[in-house]
Amino acid sequence: MGWDVKKAKTYGKWAVGLFFLLALVTFYVSPRNIFAQVVYLIAPLSTLLAGILITKKYYPGGFKGVVYLYFTIGLGLWFLGEFSEFVFALDTFSHIDPFPSVADVFYLLGYPFLFMGAFVLLRQGEGYWNSFKRGSYAFGLLLAVALFAYFGIYLAYDASVPMIENVITMLYNIGDFILVICALSLIFVAHSSPDLSEHALSRCWYTFVAGFFFTLVADILYSYFQLQYEQELMPFVQLDLIWIAAYLLFTYAFFCMFLRVRSVEEDVGTKISSWKRSKKVISHS
C-alpha cells in the first residue's frame, strides 16, 4: 500500500505544531525545570533522526547524498552540543561554569559541515545561473560581509571579559556568517538547479532555509541579551523557543524530503509493475 504524501505532510505539520505548543506552555510555566530541558532536547534529536533518515535514502548516490550527509553531521554535532548543555544544566554539575565548555566545541564544529553542504549545493546550481543571479548573489554576499564586519567583529569585542570568551564569541559570529552564506546559497540554488527547483522539493529547501534564519535570529538576540537570559528574566529566557522552532523547521524539511523520495520511488515502482504486466500480457498473446 502506497504512502499518501499529502496526508503524511499534514500529520507532520500537526506533530510539529503540537510539539511547539507543548514547548510554548512548558517554557511559559517553568523554562528551567528538567521537563523543559528534556522538551528542548527532543527538538534537535528529532532533527538528527530525520537527517539520518533522508541521508540513508540518498548516500552515497550523487551529490544529494553528500549534501544530506554534511547537513546531518553538522546538525548532529549541534545536538551533541545541546546534550552537553543539558548535562551541565543538571543539579549534579550546577557548580560548573558552562562557558566556554565542550558544548561550544560541538556547536562550532558543526558550522564547517553545514558550510560544506551548502558549498556542494552551490557548485551544483551555479551552472544554471544567469548574470543577474550571479550579481544578486555577489551583492548579497558583500552585504553580509559588511554587516558581519561591523556587528560580528567591531561591536562583538568586549574588553571587560576574558580573551577566551571574546574568541568563542567571535567564532560563533563567524559561524552565524556561515549560516547566512548557507541560506543565500540554498535560496539561489533552489531557484536554479533542475534537480531542486521542482515545486514540492523547493518548498522543502525553503523550510530548511527558514531554520537557518531562525537560528541566526536566536543567536543574535542571545548575544545582545545574554545577561538577561542567564538571569532568567522574562521574556529573554524564552529565547529557547526560537531555537526549538529552528530545529523543528529542519526536522520538517528533512521529513518532506523523505516523503518526496518515497513518492518518487512508488511512482517508479508502479510504472515498472505496469510495464511488467503489459509485457506478460503481450507474451501470452
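The values are calculated or read from the model by the stated rules, or taken from the named source; none is laboratory data. Quantities reported herein were computed from a predicted structural model and do not represent experimental measurements. All Cβ positions, even for glycine, are placed from backbone atoms using ideal geometry, and neighbour counts span all protein chains on display.
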Condition met for ASN166 (at pLDDT 70 or above, more than 24 Å from LEU248 (Cβ to Cβ) and not aliphatic (A, V, I, L, M)): yes
Residue pairs meeting the criteria (Cβ under 7 Å; at least 6 apart or on separate chains; first surrounded by 14 or more Cβ atoms within 10 Å (Cβ to Cβ), in the range 130-142; second assigned to a helix (DSSP H, G or I) and at pLDDT below 65): LYS133/SER192
Filter result (modelled with pLDDT of 65 or more and either closer than 20 Å to LEU179 by Cβ or outside any helix (DSSP H, G or I) (or both)) within the range 113-135: PHE113, LEU114, PHE115, MET116, GLY117, ALA118, PHE119, VAL120, LEU121, LEU122, ARG123, GLN124
Of residues in the range 211-226 being touching a residue at least 40 places away in the same chain (Cβ under 8 Å) and among the aliphatic types (A, V, I, L, M), the one nearest to SER185 (Cα to Cα): LEU216
Residue among ALA43, ALA15, ALA8, ALA23 that alone is modelled with pLDDT under 80 and either surrounded by 13 or more Cβ atoms within 10 Å (Cβ to Cβ) or part of a helix (DSSP H, G or I) (or both): ALA8
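With respect to ALA210, is the statement that it is outside any helix (DSSP H, G or I) and either surrounded by fewer than 19 Cβ atoms within 10 Å (Cβ to Cβ) or modelled with pLDDT of 65 or more (or both) true?
Values: outside any helix (DSSP H, G or I): no; either surrounded by fewer than 19 Cβ atoms within 10 Å (Cβ to Cβ) or modelled with pLDDT of 65 or more (or both): yes.
For ALA210, the condition - outside any helix (DSSP H, G or I) and either surrounded by fewer than 19 Cβ atoms within 10 Å (Cβ to Cβ) or modelled with pLDDT of 65 or more (or both) - is not met.
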Pairs, first closer than 16 Å to TYR107 by Cβ in the range 163-184, second part of a helix (DSSP H, G or I) and modelled with pLDDT under 75, C-beta under 6 Å, six or more apart: ASN173/GLY152; PHE177/PHE148
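Here is a yes/no grid of residues against (1) buried (at least 18 other Cβ atoms within 10 Å of the Cβ); (2) part of a helix (DSSP H, G or I); (3) modelled with pLDDT of 90 or more:
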{"residue": "ALA50", "(1), (2), (3)": "yes, yes, yes"}
{"residue": "PHE63", "(1), (2), (3)": "no, yes, no"}
{"residue": "THR72", "(1), (2), (3)": "yes, yes, yes"}
{"residue": "PHE79", "(1), (2), (3)": "yes, yes, yes"}
{"residue": "GLU82", "(1), (2), (3)": "yes, yes, yes"}
{"residue": "VAL87", "(1), (2), (3)": "no, yes, no"}
{"residue": "HIS95", "(1), (2), (3)": "no, no, no"}
Sole exception among (1) at pLDDT below 80; (2) part of a helix (DSSP H, G or I) for GLU232, by number: (2)
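Just to verify a result, which residue in the range 97-112, among those that are hydroxyl-bearing (Ser, Thr, Tyr) and at pLDDT 85 or above, is nearest to the chain's Cα centre (by Cα)?
As a first pass, look at the range 97-112 and keep what is hydroxyl-bearing (Ser, Thr, Tyr): 101, 107, 111.
Adding the requirement that they be at pLDDT 85 or above leaves 107, 111.
Details: TYR107: 13, TYR111: 11 Å.
By that ranking, first place goes to TYR111.
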